Amino acid sequence: MNASTESLERQRLNTHAANLAATALAEVQLGIRSPALAGEQPFLTPFEKWTAETVITPTETETGAASGLLRVEVIIRHQESPLVRRLTQVIRVDPNRSALPAAF
């Protein structure tokens with residue numbers, strides 16, 4: 001019975017982490033979340049036990065030139081469990097609409 005309860009809790013946390021990762025990635029695409037902030041950033045209440053970290057890497061073409069695409073990785077962590085969820089996507093971001101740093 002205890003193992004079943006723990007398994008259910010892990011599934012609940014994993015599903016919640018996946019939803020938060022998708023939300024954080026969408027916020028980057030919309031320019032709502034600034035990936036320029038370094039390190040883990042806490043979510044607001046009622047998600048204060050969760051943090052999000054955004055890692056942005058510019059991509060290059062085969063010749064080494066800038067491709068105009070960014071590899072965005074969102075890392076979600078839960079503060080009370082060893083849960084880490086990562087979501088990565090390659091996106092094109094309009095610098096006029098986003099909160100991306102000027103270097104990108």
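The values are calculated or read from the model by the stated rules, or taken from the named source; none is laboratory data. Since this is a predicted model, take the numbers as computed values, not measurements. All Cβ positions, glycine included, derive from the backbone under ideal geometry; neighbour counts span all protein chains shown.
Residues of region 50-91 being among the acidic types (D, E), in a strand (DSSP E or B) and at pLDDT below 90, which ones?
E60
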Legend entry - Subset of region 17-46 [loosely packed, with under 14 Cβ neighbours inside 10 Å and in a loop (DSSP other than H, G, I, E, B)]: I32, A36, L37, A38, G39, L44, T45, P46
Inset, instruction - Have a look at A52, A36, A65 and point out the one that is more than 18 Å from A24 (Cα to Cα) and either without any contact (Cβ under 8 Å) to a residue 60 or more places away in the chain or of a type outside the set (K, R) (or both). - result: A65
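Surrounded by 13 or more Cβ atoms within 10 Å (Cβ to Cβ) and at pLDDT 85 or above - does that describe any residue in region 92-100?
Of the residues in region 92-100, the ones surrounded by 13 or more Cβ atoms within 10 Å (Cβ to Cβ) are 93, 98-100.
Next, only the ones that are at pLDDT 85 or above stay: none.
Taking every residue of region 92-100 in turn, none turns out to be surrounded by 13 or more Cβ atoms within 10 Å (Cβ to Cβ) and at pLDDT 85 or above.
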Legend entry - Residues being in contact with a strand residue (DSSP E or B) (Cβ under 7 Å, 6 or more places away or on another chain), of a type in the set (G, A, S) and at pLDDT below 90 - total across region 1-45: 1
Inset, instruction - Can you run down the residue pairs with Cβ atoms below 9 Å, 6 or more apart or on separate chains, where the first is in region 7-20 and touching a residue at least 24 places away in the same chain (Cβ under 8 Å) and the partner is among the hydrophobic types (A, V, I, L, M, F, W, C) and surrounded by fewer than 13 Cβ atoms within 10 Å (Cβ to Cβ)? - result: A17/V84
